[in-house]
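Participant: One structure follows; several queries about it will come next.
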Amino acid sequence: LGGCIEVICGSMFSGKTEELIRRVNRARIAKVQVEIFSPVADTRYDKSSVVSHNLNSIPSVPVSKSADILPLADHIQVVGIDEAQFFDDNLPEVCLQLANSGVRVIVAGLDMDFKGRPFGSMPQIMAMAESVTKLHAVCVKCGSQAMYSYRLVPDDSKILLGEKESYEARCRKCYNLDGSI
Ligand code: ADP
Ligand code: MG
Ligand code: ZN
């Protein structure tokens, strides 16, 4: 009863974490049991909370693999997952299992990597979700809607943890202007 998958996706700085926090807080107001999980790989801020770029935060449980979520989600009605793109390939299966057993699963993550390619298991989760919300940031070059996370540093690895020093939000035109590094 009530199980579903909701995806919140978009580029860096698009407001995914803020939107996740907003939805989770509303569930809390409704006195629903909530738990938020984040990958231990994401060590940018506090390990035991999810923090947005304007420093809103909410407690979270850091987990090293997606299968760890299932036993920890026992008796939880709303499960939030942030930075979903950093989890392993088993995350879609975990989300499906939770939703099918009646849990509302809210998944936030980057839909594209810095090369503009689908990131991790986000496409699979989006395909199986009841709702997909794609948020946009503001292009730092021209002010229009940004959907790309442009990497400012010359590093070709898929995962490079960083913030404003390493990435900026760009629209299609400005992203393609300089080419991706
Ligand atoms: P995400 O989780 O998608 O990376 P956050 O929810 O952490 O995004 O942060 C969104 C906030 O980032 C915005 O409310 C705004 O204060 C800030 N911000 C900084 N740079 C930008 C940008 N280029 N476009 C939009 N918001 C930005
Ligand atoms: Mg975020
Ligand atoms: Zn632009």
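Participant: Among Q85, Q77, which is the only one that is at negative phi, more than 11 Å from ligand 2 (Cβ to nearest atom), at pLDDT 95 or above and of a type in the set (S, T, N, Q)?
Facilitator: Values: Q85 fails: more than 11 Å from ligand 2 (Cβ to nearest atom).
Q77 is the lone residue from the list that is at negative phi, more than 11 Å from ligand 2 (Cβ to nearest atom), at pLDDT 95 or above and of a type in the set (S, T, N, Q).
Participant: Filter segment 109-124 down to the residues that are part of a loop (DSSP other than H, G, I, E, B) and not polar (S, T, N, Q) and list them by number.
Facilitator: Going residue by residue through segment 109-124, those that are part of a loop (DSSP other than H, G, I, E, B) are 111, 113-117, 119-121.
Within segment 109-124, D111, D113, F114, K115, G116, R117, F119, G120 meet the criteria.
Participant: Now for a different question. Is it fair to say N100 is more than 24 Å from R151 (Cα to Cα) and within 16 Å of ligand 2 (Cβ to nearest atom)? Break it down into steps so the answer makes sense when it comes.
Facilitator: Working: more than 24 Å from R151 (Cα to Cα): yes; within 16 Å of ligand 2 (Cβ to nearest atom): no.
No, not satisfied.
Participant: Somewhere in segment 125-135, is a residue within 18 Å of F86 (Cα to Cα) and in a loop (DSSP other than H, G, I, E, B)?
Facilitator: No, that holds for no residue.
Participant: With the condition being within 15 Å of ligand 1 (Cβ to nearest atom), I'd like the strands (runs of 3 or more DSSP E) fully within segment 1-108 carrying at least 3 qualifying residues.
Facilitator: Working: elements: 4-10, 34-39, 49-51, 57-59, 61-63, 78-81.
Strands (runs of 3 or more DSSP E) meeting the threshold: 4-10, 34-39, 49-51.
Participant: In addition: Counting only residues that are among the polar types (S, T, N, Q), within 15 Å of ligand 1 (Cβ to nearest atom) and without any contact (Cβ under 8 Å) to a residue 60 or more places away in the chain, which one in segment 116-149 is surrounded by the fewest Cβ atoms within 10 Å (Cβ to Cβ)? Full working, then the answer.
Facilitator: Taking segment 116-149 as the starting set, the residues that turn out to be among the polar types (S, T, N, Q) are 121, 124, 131, 133, 144-145, 149.
With the extra rule that they be within 15 Å of ligand 1 (Cβ to nearest atom), the set shrinks to 133, 144-145, 149.
Imposing the further condition that a residue be without any contact (Cβ under 8 Å) to a residue 60 or more places away in the chain reduces the set to 144-145.
Numbers: S144: 13, Q145: 16.
In this case the residue turns out to be S144.
Participant: Within segment 87-115, track down each residue that is over 19 Å from K134 (Cβ atoms) and touching a residue at least 40 places away in the same chain (Cβ under 8 Å).
Facilitator: Across segment 87-115, the qualifying residues are F87, L96, L98, A99, N100, S101, G102, V103, R104.
Participant: I'm trying to understand the selection: among the residues of segment 165-181, which are part of a loop (DSSP other than H, G, I, E, B) and either touching a residue at least 60 places away in the same chain (Cβ under 8 Å) or in contact with a Ser or Thr (Cβ under 6 Å, 6 or more places away or on another chain) (or both)?
Facilitator: Residues of segment 165-181 part of a loop (DSSP other than H, G, I, E, B): 165-166, 171, 178-181.
C171, S180, I181 - these are the residues of segment 165-181 that are part of a loop (DSSP other than H, G, I, E, B) and either touching a residue at least 60 places away in the same chain (Cβ under 8 Å) or in contact with a Ser or Thr (Cβ under 6 Å, 6 or more places away or on another chain) (or both).
Participant: Right, here's the next one. State all residues of segment 77-92 that are buried (at least 17 other Cβ atoms within 10 Å of the Cβ) and out of contact with any helix residue (DSSP H, G or I) (no Cβ under 7 Å at 6 or more places or on another chain); if no residue qualifies, say none. First the steps, then the outcome.
Facilitator: We begin by selecting, within segment 77-92, every residue buried (at least 17 other Cβ atoms within 10 Å of the Cβ); these are 77-87, 91-92.
Those that are buried (at least 17 other Cβ atoms within 10 Å of the Cβ) and out of contact with any helix residue (DSSP H, G or I) (no Cβ under 7 Å at 6 or more places or on another chain): Q77, I81, E83, F86.
The values are calculated or read from the model by the stated rules, or taken from the named source; none is laboratory data. The structure presented is a predicted model; accordingly, all values stated were derived computationally and were not measured. Cβ atoms come from the backbone with ideal geometry, glycine included; neighbour counts cover every protein chain shown.
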